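Colleague: The following block contains the structure, expressed as structure tokens.
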Amino acid sequence: MILWQLFISYLQIGFFGFGGGYAMLSLIQNEVVVRHQWMSNAEFADIVAVSQITPGPIAINSATYVGYTVGEQQGGVWFGILGSLVATFAVCLPALTLMILVTRFFLKLKHNRYVEGTMLGMRPVVIGMIAAAALLLIFPHTTDPADANFIDGWSWVLFAGVFIGSLRKVNPILLILLSAAAGVAIYYPW
């Protein structure tokens, strides 16, 4: 039953998540945290963080991690692996199907004014979905007091440091390593 719910949820995310992985985050958060309550907002934020630093698209990475976590909670490691495969396949299936269909016709229609207008009209929507995902991570919709304040003062300090570092063109790998070291130093229960 849980595998079917994972498949349907990620199939919906795959169909309606236009604009790439960051635009899909609000849809994923709604399905995983709010609707099905498979994990807390803090756990979801951790999965988003890990999905960002691992190679590959964030939507596929998060689908793999969420599928594994939900499956493992239901039936152990092997069920977790199966859950990750189901969620990853489901989120990729709509894009794969649409790309096969669209590529057949896009070259003929790419200069069509309706197609161009549709693509231009989708840009503000994508920006809005990315902003919604950021706001959902900063201001979570939760009734659990432990989840409501998972972003603390140190999180803002780390964010400001990385933001300033990125403006000054510091190597992103160095910023990731320094952030990881700071996170361990601040949050590890010594």
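Colleague: I need the full set of residues from region 1-43 which are more than 13 Å from residue 86 (Cβ to Cβ) and among the hydroxyl-bearing types (Ser, Thr, Tyr), in order please.
Modeller: The answer is 22, 26, 40.
Colleague: Let me confirm something: among 13, 47, 53, 2, which residue is touching a Gly at 6+ places or on another chain (Cβ under 8 Å) and not aromatic (Phe, Trp, Tyr)? Show your work before the answer.
Modeller: Details: 13 fails: touching a Gly at 6+ places or on another chain (Cβ under 8 Å); 47 fails: touching a Gly at 6+ places or on another chain (Cβ under 8 Å); 53 fails: touching a Gly at 6+ places or on another chain (Cβ under 8 Å).
After applying the criteria, what remains is 2.
Colleague: Counting just the residues of region 16-33 that are of a type outside the set (S, T, N, Q) and at pLDDT 85 or above, which one comes out nearest to the chain's Cα centre (by Cα)?
Modeller: Pass one, region 16-33, residues of a type outside the set (S, T, N, Q): 16-25, 27-28, 31-33.
Filter once more, so that each one left must be at pLDDT 85 or above: 27-28, 31-33.
Numbers: 27: 9, 28: 6, 31: 11, 32: 11, 33: 12 Å.
Once the filter is applied, the top-ranked residue is 28.
Colleague: Looking at 26, 40, can you tell me which residue is in contact (Cβ under 8 Å) with a residue 60 or more places away in the chain, under 30 Å from residue 120 (Cβ atoms), assigned by TED's automatic domain parsing to the domain that holds residue 131 and in contact with a helix residue (DSSP H, G or I) (Cβ under 7 Å, 6 or more places away or on another chain)? First the steps, then the outcome.
Modeller: Details: 40 fails: under 30 Å from residue 120 (Cβ atoms).
So the residue among 26, 40 that is in contact (Cβ under 8 Å) with a residue 60 or more places away in the chain, under 30 Å from residue 120 (Cβ atoms), assigned by TED's automatic domain parsing to the domain that holds residue 131 and in contact with a helix residue (DSSP H, G or I) (Cβ under 7 Å, 6 or more places away or on another chain) is 26.
Colleague: Sticking with this structure for a sec: Tell me yes or no: at least one residue of region 92-107 is touching a residue at least 40 places away in the same chain (Cβ under 8 Å), in the same structural domain as residue 30 (by TED's automatic domain parsing) and more than 20 Å from residue 20 (Cα to Cα).
Modeller: So far as region 92-107 goes, no, none of its residues is touching a residue at least 40 places away in the same chain (Cβ under 8 Å), in the same structural domain as residue 30 (by TED's automatic domain parsing) and more than 20 Å from residue 20 (Cα to Cα).
Colleague: Hey, does region 48-65 have a residue that's under 17 Å from residue 139 (Cβ atoms), crowded, with 17+ Cβ neighbours inside 10 Å and either of a type in the set (Gly, Ala, Ser) or assigned by TED's automatic domain parsing to the domain that holds residue 122 (or both)?
Modeller: yes
Colleague: Also, I was wondering about something else. Does residue 71 qualify as being surrounded by fewer than 22 Cβ atoms within 10 Å (Cβ to Cβ) and not aliphatic (A, V, I, L, M)? Walk me through it before giving the result.
Modeller: Working: surrounded by fewer than 22 Cβ atoms within 10 Å (Cβ to Cβ): no; not aliphatic (A, V, I, L, M): yes.
Against the criterion (surrounded by fewer than 22 Cβ atoms within 10 Å (Cβ to Cβ) and not aliphatic (A, V, I, L, M)), residue 71 does not qualify.
The values are calculated or read from the model by the stated rules, or taken from the named source; none is laboratory data. Predicted, not measured: the structure shown is a model, and the values here were computed from it. No Cβ is skipped: glycine too gets one built from the backbone with ideal geometry, and neighbour counts run over all protein chains shown.
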